[in-house]
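What follows is calculated from the coordinates using simple rules that are stated; it is not laboratory data. The structure presented is a predicted model; accordingly, all values stated were derived computationally and were not measured.
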Amino acid sequence: MKAAVKFEHVLKDHLSDPDQAAKYLTACYEEGSDVFLQALRDVVEAQGGMTRAGRLAGLNRESLYRQLSRRGNPSLASLNAILSALGLKLRFAAG
């Protein structure tokens, strides 16, 4: 019998790929801001954690945690810095 694998481990492996992370963030964005912020936290954790993302984005870790919390409201500049640190870009498409 195979040992069970935790979903978090599978998700983390999946989100370490920038293409998969971009698709995940896009789908979660369409669900709403709370879902998107949780998804962004998932991607940050999968790609090295809050400390690494904060350092690359020029934000301190505590500020990053606060901005990505359920009550967080990151500025566009912070969001772009975080996405850039993850190797991602914000894109728009006609719907």
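Over the alpha-carbon set of the chain, divide Rg by the Kirkwood Rh and report the Rg/Rh ratio to two decimals.
That ratio equals 0.99.
Can you give the relative contact order of the range 9-49 as a percent, counting alpha carbon pairs under 8 Å and 6+ residues apart?
The normalised contact order for the range 9-49 reaches 48 percent.
Relative contact order of the chain: what whole-number percent is it, with Cα pairs under 8 angstrom and at least 6 residues apart?
Once divided by the residue count of the chain, the mean separation gives 24 percent.
Please list 3J(HN,Hα) in residue order for the range 74-84, calculated via the Karplus relation 6.51 cos²θ - 1.76 cosθ + 1.60 where θ = phi - 60°; whole Hz, with x for glycine and proline.
Ordered by residue, 3J(HN,Hα) equals x, 5, 4, 4, 5, 4, 4, 5, 5, 4, 4 Hz.
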